[in-house]
Every structure is written in C-alpha cells, then in structure tokens.
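Following: one structure in structure tokens, then a few remarks.
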Amino acid sequence: MQQSDCLQAIQIAVEANVPVLLWGEPGTGKTAAVNGLAAAMGVPIETVLASLREPSDFGGLPVVIDGEMRLVAPDWARRLAGLPKAVCFFDEITTAAPSTQKSLLRVVHERVVGDLALGSGVRMIAAANSADVAAGGWDLAPPLANRFVHLEWGLDAAVVAQGILGHWPTPQPLVIADDWPAHAAAQASVIAGFLSARPDLVHCRPDDEIQGGRAWPSPRSWDALHRVLAVAAASDASPDARFGLVAGLVGDAAAIEFVRYERDLDLPNPEELLARPSSYRKPARDDQVHAVVASVTAATLHDLSAARWAAGLEVLAVIAGEGHVDIAAVGVRQLVGRQPAGAVPPAGLAVFGPILVEAGMLPESAQPSKPSSARRRRSA
C-alpha cells in the first residue's frame, strides 16, 4: 500500500473510531506522519512512549482517597479526558512488556485509564516495529492485536527524495461526508451475508504467535469492519486504502474471500426497496436473502418514521411471500417492537402470526391455522 493510501486508511479508521496500528521499519517516519496527520485534521495529539511505561501508567496507580481505593490516571490521560476530539498515540507499542500490554487492553478498547474515562472523542493510534527489530521488543498479544486495524507503513522513494530536498509533503485531510452512518446498514448486511455463507471465518485466531499479533477474524473485528467500510463509502478513498482496511482487520486470507464475495453479491439498494417494495426480486442464494433482510431492517431503523416502518415491513412480507418466511422473520422481530406513533402495519403480515401476536399487533384467534391431521389425510 502506497503512503497516500495508508494515510487515507488511517483517517477512515480514526473517523470510524477504530484503533489503528502502523507497522513499519525503523526510521520510516511513522511518528512524523501521525503528528502531521493530527495537525492536518486540526486535533491535539498526546504521544505516549510504551517503552517507558509500566502497567500502572495504563491501569491506574492505586491510591487511597477519602478512605477509598482509587486507580488514579497519569497526567497524559488527564490531559486527554474531556477533549471533544483528540488523538492518543502509543509509539513503540511492541516494546511494551506483556504485563503492560495487558493493562492496555481496556485503554484501547474502552478509552478508560484507571478510573478515568477519556471519552469517545479520543481516538487511538499506535506504531510498532516487528519484534525482531524492535529494541527489547515483544510480539503483540492476540487479545490486544485484535483491537486494532493493522496497516503496513512505508515511504515512497519519491517522497524521500523530495523530503531530502526540503519538501516533505503535508498530509492532506480526506473528505468524509457527515452522513457516513447512513452507509453502515448496507455494509453490515454484506458482512452478515458473508458470515452466514462462511461461518468458518467468524473467528479464526492463528496458532502462530507472530500471526496472532497481527490481524485476524473475530466477531470484534468484523463488527469494526462494517463501520470502517461505511466511512470509506462516504469518502473518495482509493480501492487500495479500502482493501488495506479490510485486510488490516480480518487478515489477508479472509479479506480476499470477503472482497470476492462482495464483488459477486450484487445486492439491491435498501433505500430503493423501501421506496418500492414490489421491486424486490428473489436472489439465487439464501445468503443473499439474509443480506437483503439485514440491510432493509437496518436502513429502516436508521431513519425511522411511520412511513419507512410500514415500507420496511412490506418489503419483508414480499420476501416471505417468495418462500423465505424464516429469514424475513428475523427482520420483522426487530421492527415490530419499534412501531412509531401513527404507523399502520401493511397488509400481508398474517404470515408472521406468532411474532405479531407476541407484539400485540394481531389477536391470537387471527393467526393462520394449521390444517388438522384429519384434513391432511383427506387432502392426501
């Protein structure tokens, strides 16, 4: 991945609030790039050298205050707490001892240092050299590694040549539309469909210690991926930056499989289905139906109104009428409990009788009855 693609990928992950870990050789400018990117984005940055820190610097220092034991956060965390948006940069993270890495788990995932919550506006970026070249380095522990999107960093020869001549390039902010969460439903539906078709890739922690310290598939990394892809869809990010993000979260092998599946999926736009439910056409595979149901349901709930709620149920009724009652019922269960005021259920929902009775939308006597055994014998 080119340097420009990597810088785009970093900004996408930061916007999606997914921690980033840059891997690169010593002396390639990882630290300078992160500082330059924070400046270009107009956000403050706090750099924490992992090699100089102990577990208490991340887990908090035990102190008795007013007769109670408290875990007091260090100065760097207190400077970040409460800022509307900032970058916390853990440099040389592979020089942190295993005991220190354990203390970082909650910091990276929950933005909590000791008893101090940093706030959701604080974004996590880290940089590392591989353990074989890091001074006193350790491989990254799999639980910590799985909290990051891993990106490979390198310097283009042309960039170095320009820099030596005094013209180091300034990172350019990536334009990201504010409505990127609107893309999350479609991205989540594709991932859900893929995992239903490839359940073996839901969770695959490598046995190899080195690979376990890089990107690998887990429910956590797949969940992060749908947010990252939503931001990418709302920007002009390059295809290489996008693939780098996929591989950086779930690993190269799963990324190749996912991108191939995504390319061949050819799903309808959920907004078009909500506008015209009768336009639904039955896909060839069940995993595609799962993806359509998930996307329509998520799109309905993202911008919920009486009209969209009714349209979403109408689409699900059409899908059920095509022979996929069980699959469509998954979406119906999510929608019936979120009925907006004044919303009128569409016709054709009787096929979901038990679900509607449970939600109080259909009297039990109105459920479609199953034929008795005597009637079945006569009809036979």
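What the table below lists for this structure:
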read-out	value
Subset of region 265-277 (residues that are more than 15 Å from Ser189 (Cβ to Cβ) and open to solvent by 30 Å² or more (accessible area, probe 1.4 Å))	Ala275, Arg276
Where Ala188 falls short, out of the listed (1) open to solvent by 40 Å² or more (accessible area, probe 1.4 Å); (2) within 30 Å of Asp303 (Cα to Cα)	(1)
Output for region 251-280, where each listed residue is of a type in the set (Lys, Arg) and part of a loop (DSSP other than H, G, I, E, B)	Arg276
Qualifying positions in region 17-63 - part of a loop (DSSP other than H, G, I, E, B), of a type in the set (Val, Ile, Thr) and either closer than 15 Å to Leu104 by Cβ or modelled with pLDDT of 90 or more (or both)	Val18, Val43
Conditions (1) open to solvent by less than 70 Å² (accessible area, probe 1.4 Å); (2) farther than 24 Å from Gln101 by Cβ; (3) in contact (Cβ under 8 Å) with a residue 60 or more places away in the chain: number failed by Pro44	(3)
Test result for Asp75, among the acidic types (Asp, Glu) and without any contact (Cβ under 8 Å) to a residue 12 or more places away in the chain	yes
Where Ala298 falls short, out of the listed (1) surrounded by 21 or more Cβ atoms within 10 Å (Cβ to Cβ); (2) part of a loop (DSSP other than H, G, I, E, B); (3) among the hydrophobic types (A, V, I, L, M, F, W, C)	(2)
Subset tally (residues that are over 17 Å from Val325 (Cα atoms) and of a type in the set (A, V, I, L, M, F, W, C)) for region 273-310	11
Of all residues making up region 13-33, the number that are under 15 Å from Lys85 (Cα atoms) and not small (Gly, Ala, Ser)	5
When residues of region 308-332 are limited to those that are within 25 Å of Ala230 (Cα to Cα) and open to solvent by 30 Å² or more (accessible area, probe 1.4 Å), the one modelled with the lowest pLDDT	Val330
Single unsatisfied condition, Tyr280 versus (1) under 20 Å from the mean Cα position of the chain (by Cα); (2) among the aromatic types (Phe, Trp, Tyr); (3) surrounded by fewer than 23 Cβ atoms within 10 Å (Cβ to Cβ)	(1)
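The values are calculated or read from the model by the stated rules, or taken from the named source; none is laboratory data. Bear in mind that the values here come from a model prediction, so they are computed numbers and not experimental data. Don't worry about glycine lacking a Cβ; one is built from the backbone with ideal geometry, like all the others, and counts go over all protein chains shown. The accessibility values were calculated without ligands, DNA or RNA, using every heavy atom of the protein model including side chains. Shrake-Rupley method; radii C 1.70, N 1.55, O 1.52, S 1.80 Å.
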